[in-house]
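Please read the structure below before turning to the comments.
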Amino acid sequence: MLGAWSRWRETWGTLAGLAGLGTAVALAAALLSSGPTEPELPGPRTAVRVQVQTETEREAVRTVMLDLWSDSDTGTALDVVLDAQGIDALRERGIAFEVLVPDIDAVAEAERARIEAAEIARPGNWFSEYRDYETVDAYLDVLAARRPDLARVEQLGVSTNGRRIRALRLSAAEGEAKAIVLNGGQHAREWISVMVSTCVADRMVSGYDTDPRIRTVLDERVVWVAPVINPDGYVHSWESDRYWRKNRAEPYGVDLNRNWSVGFGGRGSSSNRRSQIYRGPHAFSEPETRALRDLITREPVVAHVDFHSFGQMILYPWGHTKKPAPQRDRFAALGDAMASAIAATHGERYKLMSAAELYAAGGTALDWSYEEGGAFGFTIELRPTGGSGFVLPPEQIGPTCDEGLAAVLALAERVD
Ligand code: 0X9
Ligand code: ZN
């Protein structure tokens, strides 16, 4: 679970602690004779929301940031991760910022300890805590076994490192029916997207007999739910680096949400393999994007929701260009219905806009779903708006799932 950064800090902390009194004398002598030999301990990695006024300021932030959590072309806010030197650099240049998470590794470590303790205690509700890849994957079988008349599990593909990518197919329709595809976890660190996808499937299975809206949707449609589209990345985020985003293709991973073919290679994606938005060598170079593409190609899909976090936003095409999509007004109406349905559950606001209005990015899923998949493709950025970022308190899984389900029902009832 610890990231490389935390491990490094821990190692030096331990080494410093292990240096007992006897060695301290020798160390002091060495320091006096040849200057400091022990490397400085790195300070915490801090997530901040920066207000940039000019392109020069934006560039200055880019050069010192360790990671980009969320971007914006139109607004002035950028969420980035900085070390102490980066924070000093902003202060020196007079760039305003607000701290979101003072020490992101401490937050990840607290989350890890909490999950470990919860596993030992093993209390009730499956959605009271985040679940790892194997547990989520096995839960698809549990749901299918609960209602074999409604649900079955299908394998969509196999990840780079050989993990299966599976989906739950939900329907009570007889004969051919239009399909709606939901997925989570394109980005490994966005754990809430995995939990919300799984939870929406769970609610549909358990609500079929009691909720007339769910019954109608499943009587008339097929709903496909693929909660973990990037299993290797998700496992890596659980086991090694909480803030891992990409898949695990050698050597540095590919950003799956830059690997789709529409607008591939365009703005907001990178050819630098180390970049967090590295698009891969060519469109659909990755088995994970191919798995989801093949499902959408072979099924009569009318809508696709790609769940992400964070920011509380509903995004519609285009993402690769600021030009309006042919059915922009229809997208906006559907998005508006989803945003209202979300607000009606817990009063939370999800902003509606085209993806490129937020920032242009080539090779994303929603543009492909629309142009090539013939579906109304949306990206929903789940909770929170900023705050704790990717590490969302587990008490918010249930309410965020209420929002996801409300959005999906509102969409399913309106597309044909
Ligand atoms: O950048 C992404 O892939 C998505 N945001 S995230 O913070 N979850 O990584 C948003 C993609 C939406 N598309 C565009 N903005 N074009
Ligand atoms: Zn994402």
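The values are calculated or read from the model by the stated rules, or taken from the named source; none is laboratory data. All of these numbers come straight from a predicted model, not from anything done at the bench. Cβ: placed from backbone, ideal geometry, glycine included. Neighbour counts: every protein chain shown. When the accessible area is computed, the model is the full protein with side chains, heavy atoms only, and any ligands, DNA or RNA have been set aside. Shrake-Rupley method; radii C 1.70, N 1.55, O 1.52, S 1.80 Å.
General observations
- Residue 190 being within 16 Å of residue 296 (Cα to Cα) and acidic (Asp, Glu): no
- Of the helices (runs of 4 or more DSSP H) contained entirely in the range 316-395, those carrying at least 3 residues that are touching a helix residue (DSSP H, G or I) at 6+ places or on another chain (Cβ under 9 Å) and within 19 Å of residue 413 (Cα to Cα) fall at 328-346.
- Meets criteria (within 16 Å of ligand 1 (Cβ to nearest atom) and touching a Leu at 6+ places or on another chain (Cβ under 9 Å)) for residue 371: no
- For the range 360-372, the condition holds for at least one residue, the condition being that it is away from ligand 2 (no atom under 16 Å from the Cβ) and surrounded by fewer than 22 Cβ atoms within 10 Å (Cβ to Cβ).
- One residue stands out in the range 50-103 among those that are among the polar types (S, T, N, Q) and within 16 Å of ligand 1 (Cβ to nearest atom): the one that is surrounded by the fewest Cβ atoms within 10 Å (Cβ to Cβ), namely 74.
- Annotation note: of 204, 195, the sole residue that is open to solvent by less than 10 Å² (accessible area, probe 1.4 Å) and away from ligand 1 (no atom under 16 Å from the Cβ) is 204.
- Scanning the range 281-303 for residues that are assigned to a loop (DSSP other than H, G, I, E, B) and either within 16 Å of ligand 2 (Cβ to nearest atom) or not assigned by TED's automatic domain parsing to the domain that holds residue 318 (or both) yields one hit, 286.
- Matching residues in the range 244-266 - criterion: being over 18 Å from the mean Cα position of the chain (by Cα) and either within 12 Å of ligand 1 (Cβ to nearest atom) or of a type in the set (S, T, N, Q) (or both): 261, 262, 263, 266
- Checklist (1) open to solvent by less than 20 Å² (accessible area, probe 1.4 Å); (2) closer than 22 Å to residue 111 by Cβ; (3) of a type in the set (Gly, Ala, Ser) applied to residue 240, failing item: (1)
- Scanning the range 373-416 for residues that are closer than 18 Å to residue 300 by Cα and within 16 Å of ligand 2 (Cβ to nearest atom) yields a count of 2.
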